[in-house]
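Here the structure is laid out as C-alpha cells; the discussion comes afterwards.
The values are calculated or read from the model by the stated rules, or taken from the named source; none is laboratory data. Source: prediction; values computed, not measured. Positions of Cβ are generated from backbone atoms using ideal geometry, with glycine treated the same way; all protein chains shown enter the neighbour counts.
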Amino acid sequence: MAQTFNPVSFIAGKFRDLGNELSRQVVSRYFWRDLLSVFLGVMLYTIGFSFLIYPQRVTTGGLMGICNIITIITGIKVDIPYNVINITLLFIAFIFLDKNFFIKTLIGIGLLAIIIPIATRTAIPDPRIEEYWHLLILKDQPLLALILGSMMCGLGLGLIFSVNGSSGGTDVIVALISKYRNMSFGRIFVAMDGTIVLFSYIANVYLADIKIDALAAFDKLVMSFIEVVLLAMTMDWYTNNNKQSIQFMIFSTKYKEINDAIISRLRRGCTVLEATGGYTGQSQKVLLVVVRKQYSVAISRIIEEIDPKAFVSQGAVKGVYGEGFESIKKLK
C-alpha cells in the first residue's frame, strides 16, 4: 500500500536536516573561510551593480534585472521587490537543494538585504527624479563603467558559487538547473538573463514613468546584452568551467569513513576497487570517485579531515557520461 505524502512530516524532516547541517558547518574550520568568500562576493556584486550598472538604466539579468524593470515602471525602490521575490526562491532552495547550499544562500541574501538598499539609495536617492540617474564613478566613461561593473558582478557571483553558495534570486534557479543538467553557470545565466533584458526595451520605451526614446532604449538593450555576456564569461572564467569533471583515486586505510562521508554529505557515489601493492603484495581498497568540478574542493576537505595521510590521485576528465552527468547519447 502506497504511503500518503505528509507535507508536515516532509517540512519537519527538512528542518531537521538543516539543523544537523548547520551544527556540522559551524564547527567546521572551512565554514568561516567560505563565509568570508560569500561576503567578498556580495561586496563585489553590490559595488558593480549599484554604482556602475544601475545608474545607467542598463537592465541586468536575474532577479536584480527583474526588480530593475519594476523600478523603471513603478518607481518603487529596487530593494523592495528584490526581498519579496527572494523569499519565494529561498523556499525553493530549502525544498530542492542541499542544506549546505541553503545555509550559504541564506547568508548571501541576508547580506544583500542589508547592503543593496544602502548602496542603491546612495547611487540613486530617488529613482523617480531624472536628474539622479547618473554615474557617480567614471561619469564620462559609461562603457568602461559597464565593462568594469559587469566583471565585478561576474567575479562576485563566481566567488559565491565556488563555495557552494549563491546570492539568492534567480541564482537559486541556476543552481537547480545545474544540479540536474551538467551545464556551466555562465551558459545558464546567458539563456535566462538574455530573456529578461529583452523586456527592458519595452519597459524603458512604453512603461516607464520617465520614458526613454526608442533609439536610446535600443542602445540600453545592446549594453544590457554586453553586461549579460561579460558577467557570464567572468563567472565561468573564475569557476574554471564547471562542466569539467574530476576523477579521484583515494588510497586510504580509512576508505570506509571517506566513502560514507562523500555519500552522506555530498550525495555522490563511490566505487570501491580491489588493489594489490606491487612492492608489498598486500591487498588494499581504493576509492574511485568521479564528480563535477564544483565538488572537488568538498571532497578534498573530506579526505583531509578523515585521513590527512591518504594518498590521492586527482585528474581532470574531459567527458563523463551516464546518470548525473552528460547523456550517454552524446557519445555518438
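Some observations on this one:
- Exactly one residue among SER50, SER37 is surrounded by fewer than 23 Cβ atoms within 10 Å (Cβ to Cβ) and among the polar types (S, T, N, Q), and that residue is SER37.
- Test: residue in the stretch 145-162 that is closer than 21 Å to GLY62 by Cα, of a type outside the set (Lys, Arg), in contact with a Pro (Cβ under 7 Å, 6 or more places away or on another chain) and assigned by TED's automatic domain parsing to the domain that holds SER37: no
- Checked against (1) under 21 Å from LEU97 (Cα atoms); (2) modelled with pLDDT under 85; (3) touching a Phe, Trp or Tyr at 6+ places or on another chain (Cβ under 9 Å), SER296 passes all but condition (2).
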